[in-house]
Structures are given as C-alpha cells and as structure tokens.
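**Student:** Submitted below is the structure of interest, expressed as structure tokens.
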Amino acid sequence: MTTGPTDRQVIAAINRVQQGQHSRDELVKMRDNALAFLARGISDAQFLIDEINQTPIAPLHSHYLFMGFCPGATLENRQDEKWMSEGFCKFDFIESAHQYARFCKMLVGDIIILKKRNIREQTMRLYGHGIIKRAMDAQASAKKYYRVDWFKPEAEIEVPLMACNSTVDVRKIALVQDAMPAEFWDWLKSGTPTCPPQ
C-alpha cells in the first residue's frame with residue numbers, strides 16, 4: 001500500500017508556503033519530496049507542487065541564473081529572441097545532467113539573465129533579463145521549463161564573468177552583489193517588456 005501525507009498535512013504545508021515560512025533550501029527539499037510522492041501515485045502531492053511553483057520567494061533568497069542561449073556558442077544559433085517574444089526559458093541539453101539539475105532548482109521570483117561569454121573569458125555580455133513567474137513541465141517531454149516575464153534593455157552590457165563558463169550558471173545574490181559594478185544594477189532595473197505578463 002502506498003502511503004503519503006494526509007490531506008490535512010498537505011493543506012498545512014500549502015499554508016506554510018503561502019505564508020513565506022520556508023527558506024529557499026526548504027522549499028526545494030519540499031518540492032523534491034512532493035515530486036517523489038507524486039511519482040509513487042500520491043496525486044494530492046501535485047497541489048503542494050503547484051503552490052511552490054507559483055509562490056515567489058523572499059528577495060533575499062533570490063538566485064540569479066546566468067543562462068547561455070547560443071548552442072555551439074555561435075550567435076547564429078541564438079534562442080533568446082524566441083524565448084523573449086514567447087515568454088519562456090528552457091534547457092534542451094539534458095545530457096548534461098548536472099546543468100539540467102541546476103536549471104530545475106530555480107524558483108518563482110528568481111532572475112534569469114541571458115549571457116554570452118566573451119572570447120577573452122574574463123567577461124560576459126548580457127542581453128536581457130527576466131523574472132520567473134511559473135515552473136512548468138512540458139506535456140510531450142516532461143522536461144522542466146519556466147514561464148518568464150522578460151525585459152530587453154536598450155543596450156547590452158559587459159560585466160565580470162564570475163566563472164560563468166557553462167550554459168547554466170546559478171549564482172547567489174551575495175556573490176552577484178560582491179562581483180557586479182553599479183552599472184549592472186542600473187541595467188537590471190531597465191528594459192522594455194518583450195511579451196505579455198505571464
């Protein structure tokens with residue numbers, strides 16, 4: 001017999017999430033546990049997953065995903081324009097299990113920044129930024145993707161690389177605050193919405 005949380009426990013957990021009682025790490029662990037229950041056939045776990053996926057985290061817990069968008073590292077293959085016009089972000093190279101795991105741990109309220117590493121490997125150029133509004137699972141593939149409110153600043157900006165050498169590089173807010181110049185924060189506050197709000 002498959003056992004899991006009771007209805008009362010699920011409701012209590014949803015209430016705690018809504019009230020912002022959990023840290024980022026606790027939310028990730030709770031979502032992973034709920035996904036495990038769902039995989040065992042406990043359908044009520046989906047209610048908790050949905051709540052976590054649509055509840056913003058506190059700003060101090062926000063993470064920044066510096067996301068590459070050019071397969072093969074060439075601008076001819078760029079995917080950012082489609083992402084920004086249609087309001088989503090995805091990671092297709094799931095053969096890279098560690099990067100896909102990083103991508104899947106993002107939460108509503110986290111920031112995605114579109115970047116391309118500079119040839120000198122000391123800086124990166126940033127093209128746009130967005131706020132994750134909802135975590136989704138594609139029906140056909142069950143792969144994770146995000147609904148994003150994207151913004152396109154008037155100009156690109158070149159900033160320190162912060163060892164962002166992969167397609168998916170997640171950085172905590174404290175590291176970003178220490179590494180980035182004032183111009184980065186002005187750039188992050190700017191931009192025209194590129195798609196209808198999600």
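**Student:** Answer yes if at least one residue in region 126-135 is surrounded by 15 or more Cβ atoms within 10 Å (Cβ to Cβ), free of Cβ contacts under 8 Å to residues at least 24 places away in the same chain and of a type outside the set (S, T, N, Q), and no otherwise.
**Tutor:** Within region 126-135, one or more residues are surrounded by 15 or more Cβ atoms within 10 Å (Cβ to Cβ), free of Cβ contacts under 8 Å to residues at least 24 places away in the same chain and of a type outside the set (S, T, N, Q).
**Student:** Go through region 110-134 and give me each residue that's assigned to a strand (DSSP E or B) and either out of contact with any strand residue (DSSP E or B) (no Cβ under 7 Å at 6 or more places or on another chain) or among the small types (G, A, S) (or both).
**Tutor:** Within region 110-134, G128, G130 meet the criteria.
**Student:** Here's a follow-up. Conditions first: (1) surrounded by 13 or more Cβ atoms within 10 Å (Cβ to Cβ); (2) within 18 Å of the chain's Cα centre (by Cα); (3) modelled with pLDDT of 90 or more. R24 passes all but one, so which condition is the exception?
**Tutor:** The failed condition is (3).
**Student:** Can you tell me which residue within region 175-189, out of those that are closer than 14 Å to G130 by Cα and not aromatic (F, W, Y), is surrounded by the fewest Cβ atoms within 10 Å (Cβ to Cβ)?
**Tutor:** K189
**Student:** Quick check, is I112 among the β-branched types (V, I, T) and out of contact with any Cys (no Cβ under 9 Å at 6 or more places or on another chain)?
**Tutor:** Spelling it out, it is not the case that I112 is among the β-branched types (V, I, T) and out of contact with any Cys (no Cβ under 9 Å at 6 or more places or on another chain).
**Student:** Another one. Run down A73, A101, A39, A34 and say which single residue is surrounded by fewer than 16 Cβ atoms within 10 Å (Cβ to Cβ), modelled with pLDDT of 90 or more and over 21 Å from A174 (Cα atoms).
**Tutor:** Details: A73 fails: modelled with pLDDT of 90 or more; A39 fails: modelled with pLDDT of 90 or more; A34 fails: surrounded by fewer than 16 Cβ atoms within 10 Å (Cβ to Cβ).
Within the list A73, A101, A39, A34, the selection yields A101.
**Student:** Applying the selection to region 83-114, what residues are of a type in the set (S, T, N, Q) and over 19 Å from A142 (Cα atoms)?
**Tutor:** Across region 83-114, the qualifying residue is only S85.
**Student:** Pick from G72, G68: which is under 21 Å from K90 (Cα atoms), free of Cβ contacts under 8 Å to residues at least 40 places away in the same chain and among the small types (G, A, S)?
**Tutor:** Selected residue: G72, the only one of G72, G68 that is under 21 Å from K90 (Cα atoms), free of Cβ contacts under 8 Å to residues at least 40 places away in the same chain and among the small types (G, A, S).
**Student:** Kindly indicate whether K115 is surrounded by 18 or more Cβ atoms within 10 Å (Cβ to Cβ) and at pLDDT 90 or above.
**Tutor:** Values: surrounded by 18 or more Cβ atoms within 10 Å (Cβ to Cβ): yes; at pLDDT 90 or above: yes.
Spelling it out, K115 is indeed surrounded by 18 or more Cβ atoms within 10 Å (Cβ to Cβ) and at pLDDT 90 or above.
The values are calculated or read from the model by the stated rules, or taken from the named source; none is laboratory data. Note that the structure is a prediction, hence the values are computed from the model and not measured. Because the Cβ atoms are built from the backbone with ideal geometry, glycine has one as well, and the counts that use them run over all protein chains shown.
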